[in-house]
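Written below as structure tokens is the structure these notes are about.
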Amino acid sequence: MRNHLIHKITIALAAALLLSSCYGQPLSTREKGTLGGGVLGAGTGAIIGSAVGHPGAGAAIGGALGAGTGMLIGNELQNIEIAQHRSQRQVWRQRRQLRHQRREIERLRAEQDTE
């Protein structure tokens, strides 16, 4: 009876998590890592838990551990993406400045040639 209740609660929580992820903005890298880690952890935990007769508890523990690990990995990947985006913006700004400076040099040379 208790295992049946745990299974129902686990399925309800998984369904709620999946449905809530369909609403709003796209998932961030951190959120994707958390969700993926939770799903993999819950699946692995359920398999291990079923070997000892407690698949619900295994899924819950595995899901929590997997979500935590996935969040840490996803957070690190998101930080890398942000750093790369900042670096790319800096490169674009520097290229724009170089183009401006080259035009200014050409203008000054043309001005010097006419003197």
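What follows is calculated from the coordinates using simple rules that are stated; it is not laboratory data. Here the structure is a predicted model, which is why all the values come from computation and not from measurement. Here the Cβ positions follow ideal geometry from the backbone for every residue, glycine too, while neighbour counts run over all protein chains shown.
Side notes on the structure shown:
- Answer from Ala42, Ala51 - the residue that is within 26 Å of Ile11 (Cβ to Cβ) and either in contact (Cβ under 8 Å) with a residue 60 or more places away in the chain or surrounded by fewer than 17 Cβ atoms within 10 Å (Cβ to Cβ) (or both): Ala51
- Residue satisfying condition, being in contact with a Leu (Cβ under 9 Å, 6 or more places away or on another chain), part of a helix (DSSP H, G or I) and not acidic (Asp, Glu), within set Gly58, Gly63, Gly68, Gly43: Gly63
- The set of residues from segment 55-87 being over 19 Å from Leu35 (Cα atoms) and surrounded by 17 or more Cβ atoms within 10 Å (Cβ to Cβ) comprises just one member, Pro55.
- Subset of segment 28-60 (residues that are more than 30 Å from Glu81 (Cα to Cα) and touching a helix residue (DSSP H, G or I) at 6+ places or on another chain (Cβ under 6 Å)): Gly45, Ala46, Ile48, Gly49, Pro55, Gly56, Ala57, Gly58, Ala59
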